[in-house]
Amino acid sequence: MDSSGLIGVFDSGVGGLSVWREIARRLPCEDTLYLADQAHVPYGSRRMVEVREFSEGIVRFLLAQGAKIIVIACNTASAAALHYLRDRFPGVPFVGMEPAVKPAVEQTRNGAVGVIATQATFQGELFASLLQRYATGVRVLTRVCPGLVEAVEAGALDTPETEALVRACLAPLIEAGVDRLVLGCTHYPFLRPTIERVVGADVVVIDPAPAVARQAGRVLARRGMAATAASCREGRGERVGRCVFCTSGDEVAFGATLGRLLHRVEDDVDVRAIRWRDRRLEGGLLTRTSARRQG
């Protein structure tokens, strides 16, 4: 692995794009490959061993495409597979997700912190370790929010139905008086305007995506694998890395949702189709579509 490789980013669906956009913003010269395993979305309702198997197959695919570092832009996959993947691929640097409990605990003024995530995230060792290390003397209230991942996958970010789901999820946390709310699923930052409207100005919403992007940059720099300006291509008057997006689901629907979430136009969007075959991913370099043509 050297500086010429790409940053591989994966999630069960479009949620990890909230992490990818921070990586693209902070590390603009890096080539990136984003993989959405929409054939199996959502991961949060699946068994941990199943998510671990999917994650291993995805990592093998990303490495075959030239990944020099892999960002697990999914809290559920990080909880299920991060330690396993580090043991399985000892020479590969991984950056995983964890709910931002530490900064929430450090910033809270009244000692009440809320965390919203999937059930699998809350059941994982990572979350238990976070509570043990950082949550002494602070109330950490957790909530699973059914339907929000599916709403983001459908691109329904600002609809009455989605707001009703958000209100139902957050009502107990608001009643409990939390003053910090941690977004423990990478899909949720796309609902941040609705979430902030529901919780009100007195509650600070914390998104871990910027911290994950910073960590990816630190790991690359420490290992001497960061891309240089000379390795970037010209794009819109500045040096930028190449971005490729893959999905194991419907690439047309994925491209359309991607365009809406990232506000990207046709010449910015390179979407490829991949498919699972006997626990292996195939394709990714064959089918190109664009968000504009997809609607």
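The values are calculated or read from the model by the stated rules, or taken from the named source; none is laboratory data. What you see is a predicted model; the values in this text were computed from it and never measured. Glycine gets a Cβ as well: all are built from the backbone with ideal geometry, and neighbour counts include every protein chain shown.
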Can you tell me which residue within the stretch 3-58, out of those that are among the small types (Gly, Ala, Ser) and closer than 16 Å to residue 94 by Cα, is farthest from the chain's Cα centre (by Cα)? 3
Would you tally the residues in the stretch 105-116 being buried (at least 24 other Cβ atoms within 10 Å of the Cβ), over 19 Å from the mean Cα position of the chain (by Cα) and either of a type in the set (A, V, I, L, M) or farther than 28 Å from residue 205 by Cβ (or both)? 1
Go over the candidates 179, 158 one by one and state the one that is in contact (Cβ under 8 Å) with a residue 24 or more places away in the chain, within 21 Å of the chain's Cα centre (by Cα) and more than 15 Å from residue 14 (Cβ to Cβ). 158
Can you spot a residue in the stretch 234-248 that is in a helix (DSSP H, G or I) and modelled with pLDDT of 90 or more? no
